[in-house]
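Quick notes on the structure that follows.
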Amino acid sequence: MYEVLIVDDETIILSGIKFLIDWGKNDCVITGTARNGRDALEKIQSCPPDIVLCDINMPVIDGMELLSICNEAFPSVVFIMLTNLEEFSLARDAIRCRAVDYLLKVQLEASSLEESLKKARQEVDRRRKLLQAERTENASPENIRQRAGAACQEALFSPDPQARAQAEEELKQLHVLEHFGLFYIPFSWEAPFSCTDSDTGTGLIAWERELAARLADNIFGACYQFIDLGQSDFLTLMIWNREEGWEQRAVLFASKLTSASRNITQAVPTTLYTPCFCGAEQFSACRDSYFNLVESYYLDAAASPAELPKRRPSFEPLGLAGIGSQLEVEINVKSITGCSALLDRAAARIRETTHQKSQAIWLCNELCRASARALKDTVFSDACGYREIEHLMTRQQVLHWIEKLKNSLVEVLWQDSNTRSEPVERARQYILDHIEDRLLLQDVANEVCISAGYLSTLFKRQYHQSLVSFINQAKVEYACRLIQERKYRISEISFRLSFENAYYFARVFKKYMGMTPTEYEKSLHPPKAEGEKPPLP
């Protein structure tokens, strides 16, 4: 039976409709009547009917307004509008607002009412199917995961307390806060790439995310979701409905991720995770525990869950307000001593205080902005940048960044008085001392503690060739000496000098020598002419 509510402010109309047809034969039952729109809305709110026969012109809340409200709050309720001739245009508006039909009161007959009820029953069935399909879609594991990920991101990182509370309520409605926890997985890379190489970083983290997803599927089932923060240095993962064996599952996940990462991407993940929390009221505690993971890793206080402090530390201010303006002044007066002292002071505060990562990132940005303003007309803009700062994950990385900044500033300020660059000379000597190693620009820059882009610029200015070209030329010259010794095959020399393969070695050799290694070897020992006598002893 389809439940029907009749709404009209005229008693005679209500009575007439109630007794006009046999409602049971039309598969309907009248569950109530109302004399105005407000009364009808209260009854719909307390027990929504399937069909509403509603007068358009009523006191308090008219029929059109009631239809509009129910379209939003009760989309499954189907309306048939009752109207007079003078309200005919309103009736057409009602059809456009999802009413299934309208009936003229002065021409109301049993046949027309039964026909309208037939349309209404069909529309009720259609809307029920749509709502059921929507509920099924919303209840699918993939939909729950996506909604849980978005809500968790808001609940963790939104600066607005009200937005965080709404996100927590969404997580509660999704039933993911019965048993839940969070993973924080920062990465370092055995094969380092430049922090400014966003494409490389994004590609590597995409591989890592795919690896982690496959492992999570096997260990946690469908009850997990990544929190997408657009970072290429770490993953954040939410797990739910996995109270039993939480610790064992987490340890297994960490072990398998470490093994797979080393074999596929050469990444070194540090897998840190919170305890398993139970109930929506514990989300704030889980949030605190997650940020304890992040801060402890930054402070080098945790490389495994067992090393995590039980409580978040008490943070100290860095006490470096105004350091950017001071640095800008020292650069403008070309004071190497002043710049070095300020940056040494900044490094000391980073090293000696228990501070939040956000404070260190603020400091690096402040120093970077000040340096860029003071040296805007120089090549210094290549020396450091905001993109590199975004990838600083630990206190040691921040200290290394400050040291690179100091070396770059000192180098710039010395340019007018020195013909030779100390970092360039150190880089050149490092290359010559490690000529048999696989030498990358970033590796050399890290060794002399200066940014790769700035080192490349300085090297080319001093030696009139790129640093990469110098590396290849030095390797070719060393290869020539090895060929002259006649102790090694060409393929052995290629391997010894860390070339990818003999073919690539031959290409590089020919570029600098004008001949292949084999041709060079033959040129050192030309064949004897026919009939030529050997030299006298």
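To the nearest 0.05, what FRET efficiency results for Leu432 and Val251 with a Förster distance of 60 Å applied to their C-beta separation? List each step's numbers first, then the result.
Numbers: r = 47 Å, r/R0 = 0.78.
The computed FRET efficiency comes out at 0.80.
Provide the FRET efficiency to the nearest 0.05 for the Lys18-Ser89 pair, computing r from the beta carbons and using R0 = 22 Å.
Working: r = 28 Å, r/R0 = 1.28.
E between Lys18 and Ser89, to the nearest 0.05, is 0.20.
Using DSSP to define loop residues, name the chymotrypsin sites (Phe, Trp or Tyr not before Pro) in segment 251-334 whose beta-carbon has at most 15 other beta-carbon atoms within 10 Å. Let's see the in-between values first.
On the way: sites: Phe253, Tyr273, Phe277, Phe283, Tyr290, Phe291, Tyr297, Tyr298, Phe315; in loops: Phe315.
Sites meeting the loop and neighbour criteria: Phe315.
If you plug each phi of segment 91-96 into the Karplus form 6.51 cos²θ - 1.76 cosθ + 1.60 with θ = phi - 60°, what whole-Hz ³J(HN,Hα) values come out, in order, with x for Gly and Pro?
4, 5, 4, 4, 4, 5
Using the structure shown, select from Lys172/Lys357; Lys18/Lys119; Lys376/Lys404 the pairs with a Cα to Cα distance greater than 23 angstrom. Don't skip to the end; give the middle numbers.
Numbers: Lys172/Lys357 30 Å; Lys18/Lys119 19 Å; Lys376/Lys404 18 Å.
Distance filter (> 23 Å) returns Lys172/Lys357.
Would you mind working out the accessible area per residue for the chain, using a 1.4 Å probe, and quoting it in Å²? Provide the component values of the computation, followed by the final result.
Numbers: 27840 Å² over 537 residues.
Ligands and nucleic acids excluded, the result is 52 Å² per residue.
Roughly how tilted is helix 198-220, in degrees to the nearest 10 and between 0 and 90, from the longest Cα axis of the chain?
Computed tilt is about 60 degrees.
What is the spin-label model distance, in nm, from Leu104 to Ser68 if the labels are put 7 Å beyond Cα along the C-beta direction?
About 2.7 nm, to one decimal.
Can you compute the FRET efficiency between Ser259 and Gln484 using 1/(1 + (r/R0)^6), with r the Cβ-Cβ distance and R0 = 41 Å? Round to the nearest 0.05.
Details: r = 46 Å, r/R0 = 1.12.
For Ser259 and Gln484, the calculated efficiency is 0.35.
So what is the relative contact order of the chain, in percent, for Cα pairs below 8 Å that sit 6 or more residues apart? Provide the component values of the computation, followed by the final result.
On the way: 694 pairs, mean separation 42.5, N = 537.
Once divided by the residue count of the chain, the mean separation gives 8 percent.
Amide H of Tyr2 versus every other amide H placed in the peptide plane: which residues, excluding those fewer than 5 positions away on the same chain, fall under 5 Å?
Hits under the 5 Å cutoff: Cys28, Val29.
Work out, step by step, the length gained on full extension between Arg496 and Thr31: first 0.36 nm times the residue separation, then minus their alpha carbon distance; give nm to one decimal.
Fully extending the segment from Arg496 to Thr31 adds 158.3 nm.
Explain nothing, just compute: Karplus ³J(HN,Hα) = 6.51 cos²θ - 1.76 cosθ + 1.60, θ = phi - 60°, for every residue of segment 453-461 in order, whole Hz, x for Gly and Pro.
x, 5, 4, 4, 5, 5, 5, 5, 5
What net charge is computed for the residues neighbouring Asn218, neighbours being all others with C-beta under 11 Å from the C-beta of Asn218, Lys and Arg scored +1, Asp and Glu -1?
On the way: positive: Arg214, Arg249, Lys256; negative: Asp217.
Surrounding charge for Asn218 is +2.
For a quick check: with amide H placed at 1.01 Å from N, whose amide H comes under 5 Å from Leu103's, ignoring anything fewer than 5 positions away on the same chain?
Close amide H contacts, sequence-distant or interchain: Met81, Leu82, Thr83.
Measure nothing but the geometry: give the 0 to 90° angle between the long axis through the Cα atoms of 283-298 and the longest principal axis through the Cα atoms of the chain, rounded to 10°.
So the helix axis and the longest Cα principal axis differ by about 10 degrees.
Output wanted: per-residue J couplings in Hz (rounded whole) for segment 114-130, from phi through Karplus 6.51 cos²θ - 1.76 cosθ + 1.60, θ = phi - 60°, x for Gly and Pro.
Working through the residues one at a time gives 5, 5, 5, 5, 4, 4, 5, 4, 5, 5, 4, 4, 5, 5, 4, 5, 5 Hz.
Based solely on its DSSP helices, what 222 nm [θ] is calculated for the chain when runs of n ≥ 4 H residues each add -39,500 (n - 2.57) and the sum is averaged over all residues, nearest 500 deg cm²/dmol? Before the final figure, lay out each step's value.
Working: 22 runs with 303 residues, N = 537.
The helix-only estimate for the chain comes to -18000 deg cm²/dmol at 222 nm.
Of all the C-alpha pairs in segment 296-359, what % are more than 18 Å from each other? Please list the in-between numbers first.
Details: 1000 of 2016 pairs.
For segment 296-359, the share of Cα pairs beyond 18 Å comes to 50 percent.
Length gain on complete extension for the stretch Glu244 to Tyr504, per 0.36 nm per residue less the alpha carbon to alpha carbon distance? It would help to have the intermediate numbers written out before the result.
Working: separation 260, 0.36 × 260 = 93.60 nm, distance 5.48 nm.
Result: 88.1 nm gained on full extension.
With charges only on Cβ, +1 for K and R and -1 for D and E, what is the dipole size of the chain about its Cα centre, in debye, rounded to 20? Don't jump to the answer; show the numbers that get you there.
Working: 61 positive and 75 negative charges, 499 e Å.
Taking the Cα centre of the chain as origin, the dipole is about 2400 debye.
Aspartates and glutamates near Lys25 by alpha-carbon distance under 14 Å, same-chain residues fewer than 8 away left out - which ones?
Straight-line reach from Lys25, under 14 Å: Glu3, Glu114, Glu115.
Give the Cα extents of segment 203-260 along the principal axes, in whole Å, largest first.
Answer, in whole Å and largest first: 34, 23, 15 Å.
Tell me, what are the semi-axes, in whole angstrom and largest first, of the equivalent ellipsoid of segment 322-369 as set by the roots of 5 times the Cα gyration tensor eigenvalues?
Values: eigenvalues 86, 30, 7 Å².
Sorted largest first and rounded, they come to 21, 12, 6 Å.
Under the definition of Cα pairs under 8 Å and six or more residues apart, what whole-number percent is the relative contact order of segment 80-184?
Values: 66 pairs, mean separation 16.9, N = 105.
Computed over segment 80-184, the figure is 16 percent.
To test your reading of the geometry: what angle, between 0 and 90 degrees and rounded to tens, separates the Cα axis of helix 161-173 from the longest principal axis of the chain?
70 degrees
Using a 1.4 Å probe over the heavy atoms of the protein chains, calculate the carbon and sulfur portion of the accessible area of the chain as a whole percent. Write out the running numbers ahead of the final one.
Values: 13800 of 27840 Å².
Percent of accessible area from carbon and sulfur atoms in the chain: 50.
Note down the relative contact order for segment 196-344 as a percent, whole number, built from C-alpha pairs under 8 angstrom at least six residues apart. Walk me through the numbers before you get to the answer.
Details: 105 pairs, mean separation 20.9, N = 149.
Here the relative contact order equals 14 percent.
Counting every Cα pair in the chain, what percent are over 33 Å apart? It would help to have the intermediate numbers written out before the result.
Working: 92443 of 143916 pairs.
Value for the chain: 64 percent of Cα pairs lie more than 33 Å apart.
Given the Cα-Cα distance of Tyr512 and Asp443 and 0.36 nm per residue of separation, how much length would full extension add, in nm?
Values: separation 69, 0.36 × 69 = 24.84 nm, distance 2.34 nm.
Contour length minus the Cα-Cα distance gives 22.5 nm.
The values are calculated or read from the model by the stated rules, or taken from the named source; none is laboratory data. Just so you know, these numbers come straight off a predicted model, no measurement behind them. In this analysis, Cβ positions are derived from the backbone assuming ideal geometry, glycine residues included, and neighbour counts consider all displayed protein chains. Protein only, heavy atoms only, side chains kept; ligands, DNA and RNA dropped before computing areas. Shrake-Rupley method; radii C 1.70, N 1.55, O 1.52, S 1.80 Å.
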